[in-house]
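Beneath this line is the structure, given in structure tokens, with notes to follow.
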Amino acid sequence: MDSSDTKVQLPEGDVPSLHNEQFAEQRPPIDYTSVSTFLGSSGRRFKSLWTRRFTLSLLAGQLVSLCITCTNVSTTELVNRNWALPTTQSVFLYFTLFIVYTPYTIYKYGFTGWAKVVVRDGWKYIILAACDVEGNFMVVKAYQYTDLLSCMLLDAWAIPVCMFFSYLYMKPKYHWTQILGVLICCAGLGLLVGSDELTQKDWVAAARGKGDAFMVAGATLYGFTNATEEFFVRKRPLYEVVGQLGMWGFLICGVQAAGLEHAGMKTASWNGATIGLVIAYTAAMFILYTVAPLLYRMASSAYYNLSLLSSDWYGLIFGLGLYHYSPYWLYFVAFALVLVGLITYFWHSTPEEQGELNPQVPEYLKRPETETSV
């Protein structure tokens, strides 16, 4: 047997230690003694927000929001072309994640090291992948039964769920300004919903109760998977986490698609337009699944969920060209509110304080072991 198949020895520095050694300085205090001092101190506080890490977090959040919009548009266009295979659609995503990140993980760990990760920690990633697959499935099912208005409101349930699990995992100390930021973002969502009501869009619900239940369940799984993946990527290399998510997600999603959609695969229209839309959907989701873990590290999974609330604004931009939407003025106010909420979220707390950041290879790959198990 080749020596590389018995034990992969990785140096301690194979994945750089990324402790939060660059903690941002404490925010400048707000002086309430007079109007002028209050305005001056508030200006200094606002200026202190714009660190490189916060700016990248804000931009990354809008990138994933734009990706979500692209996937929504792609899915809508596929349905309009009588191509409705949501689980099959996700198979391509997980397969792409698998073939990109798993070979790189094997390159870094060696095949034996990768196999040890699968054996020792695979169960964790199976749970993560199963919840991610079923969360996507339930949300798509919800759109079949309830109206878009309910989906927009209930999807926000992922935010408190994510914050709850983040607290269990990483014990961040939520400041009241962070709660205020969440409320401001949700107010922006409320204005989006209100503008849709005022423009009298034709909402149709086939079975509202059933659809709402699917959406709440899907949003709960979303919140859990976002917080859990954040916990993983703060402790392990990104390529390991995303590669494992892709591998197990591909297997779970493939089995589910074969069981539920095998008949639809035969009757679906597989022409150039639908294949192009599937590729566009997969590309947008691949970018999202790559950028999201980076955003979890720079800020938090809760911040990721808040950023997604601006996706309806980008949906309006697409709708202007594709569906000839007429923009309502509240859309602009809603988008501004979401951005204000995202800034308010870190008005007092810093991104560095959201959890310990120290991604390292597994300990059992760093040192020689006496046991013979793989």
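A Gaussian network model of the chain, with springs between Cα atoms under 10 Å, assigns the largest mean-square fluctuation among Y289, Y109, Y364 to Y364.
As a proxy for reagent exposure, T290, T71 were ordered by neighbouring Cβ count within 10 angstrom, fewest first; the result is T290, T71.
Extension gain for Y104-N82 works out to 4.2 nm (0.36 nm per residue, less the C-alpha to C-alpha distance).
Ranking of F250, F332 by neighbouring Cβ atoms within 10 Å, starting from the fewest: F332, F250. Restricting the trypsin sites (Lys or Arg not before Pro) of the stretch 96-179 to loop positions (DSSP other than H, G, I, E, B) with no more than 12 neighbouring Cβ atoms within 10 Å leaves K173. Per-residue ellipticity at 222 nm from helix content only, as computed over the chain with -39500 (n - 2.57) for each DSSP H run of at least four residues, stands at -24500 deg cm²/dmol. GNM remark for the chain: springs join alpha carbons under 10 Å apart, and the peak mean-square fluctuation among G319, G249, G341 falls on G319. Site pair T37 and I287 shows an inter-label distance of 4.8 nm when each label is modelled 7 Å from Cα along Cα→Cβ. Each label point was placed 7 Å from the Cα along the Cα-to-Cβ direction; for M265 and W50 their separation is 5.2 nm.
When the C-alpha to C-alpha distance is required to be over 20 Å, the pairs from K171/K366; K108/K235; K235/K366; K210/K266 that qualify are K171/K366; K210/K266. Given DSSP loops and a limit of at most 14 other Cβ atoms within 10 Å, what is the longest stretch of the chain that contains no such GluC sites (Glu not before Pro)? It works out to 26-355. Which residues in the stretch 343-365 place their backbone N less than 20 Å from a point set 7 Å from the Cα of K124 along the Cα-to-Cβ direction? Backbone N within reach: 354-365. Summing charges over neighbours of V291, with a neighbour being any other residue whose Cβ is under 14 Å away from its Cβ, gives -1 when K and R count +1 and D and E count -1.
Each of R81, R27 was scored by other Cβ atoms within 10 Å of its Cβ. Listed from fewest to most, they are R81, R27. Across the chain, Cα pairs under 8 Å and at least six residues apart give a relative contact order of 38 percent. So for the chain, considering every pair of alpha-carbon atoms, how many percent are separated by more than 33 Å? Of all Cα-Cα pairs in the chain, 35 percent lie more than 33 Å apart.
We did not get these values from a lab; they are worked out from the coordinates using the rules stated. Everything numeric here is computed off the predicted structure, so don't read it as measured data. A quick note on method: Cβ atoms are made from the backbone with ideal geometry, for glycine too, and the neighbour counts reach across all protein chains shown.
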